[in-house]
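Heads up, the thing below is written out as structure tokens.
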Amino acid sequence: GAGVSQSPRYKVAKRGQDVALRCDPISGHVSLFWYQQALGQGPEFLTYFQNEAQLDKSGLPSDRFFAERPEGSVSTLKIQRTQQEDSAVYLCASSLGEFQGNTEAFFGQGTRLTVV
Amino acid sequence: ILNVEQSPQSLHVQEGDSTNFTCSFPSSNFYALHWYRWETAKSPEALFVMTLNGDEKKKGRISATLNTKEGYSYLYIKGSQPEDSATYLCAIIQGAQKLVFGQGTRLTINP
């Protein structure tokens, strides 16, 4: 596809349920990022992949959050035992590589997760 | 941890008026600054990537300036149109590998 694709667009989960959010980056993009945006806040970094390697997961808020990119393309963000504070928009972005020169990030439309 | 501040948080502007808003960031170890526009129900889209002190970039009616010594960037919109209504996000690069965002400025253009 032409851009970054995320699915589902909307997800309502009952508290305690596990969810999986998918990201299809732009083909050939080495870097992939996950961000969490709570209402009224800017996007907060969660984790970063370079190809299949997860180089930085410092932003994952707890061990209930897990991300993978096993073949260096599609990525999945999994949240176990969801809690109300997990309600947010989850954004995925990809880029050609590291942010050198004029390299920019390309974002998906996000997945809005609501935990009830 | 980098702290990126944007002001104001929200702004209402009359159609046809010009406006501007600010992004402030730590001036030490500056690498690059990105501006993104995020329209409702769409993906954030890059407006500008700025790297050099004194950079000025322009895209149509939108322009941006960068002062890395004092740690701020301004985004200007000339002759606002309804399609300019969006959240404008500023982000700083940390370690060449991740974007650290401000909280955004939500701009509403009133017809």
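Each reported figure results from applying straightforward, stated rules to the coordinates on display, with no laboratory input. Treat the numbers as computed from the prediction; the structure is a model and nothing was measured. Reconstructed Cβ throughout: ideal geometry from the backbone, glycine too, with neighbour counts over all protein chains shown.
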**Study point:** Among residues of the range A:14-39, those that are without any contact (Cβ under 8 Å) to a residue 60 or more places away in the chain, outside any strand (DSSP E or B) and within 19 Å of A:Gln83 (Cα to Cα), counted
**Key:** 2
Check your understanding: Could you list, in sequence order, the residues of the range B:8-60 that are hydroxyl-bearing (Ser, Thr, Tyr) and assigned to a strand (DSSP E or B)?
Key -> B:Ser10, B:Thr19, B:Thr22, B:Ser24, B:Tyr36
Practice item. Answer with yes or no whether A:Thr47 is closer than 28 Å to B:Arg106 by Cβ, assigned to a loop (DSSP other than H, G, I, E, B) and within 14 Å of chain B (Cβ to nearest Cβ). Key: no
Check your understanding: Are any of the residues in the range B:88-104 touching a Lys or Arg at 6+ places or on another chain (Cβ under 7 Å) and in contact (Cβ under 8 Å) with a residue 12 or more places away in the chain?
Key -> yes
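For the condition out of contact with any Asp or Glu (no Cβ under 8 Å at 6 or more places or on another chain) and more than 29 Å from A:Gln6 (Cα to Cα), what is the one hit in B:Thr65, B:Thr51? Walk me through it before giving the result.
Working: B:Thr65 fails: out of contact with any Asp or Glu (no Cβ under 8 Å at 6 or more places or on another chain).
It is B:Thr51.
Select, from B:Phe30, B:Phe48, the only residue that is more than 15 Å from A:Gly42 (Cβ to Cβ), within 13 Å of the chain's Cα centre (by Cα) and within 14 Å of chain A (Cβ to nearest Cβ). Don't jump to the end; show me each part of the working.
Working: B:Phe30 fails: within 13 Å of the chain's Cα centre (by Cα).
Unique residue meeting the criteria: B:Phe48.
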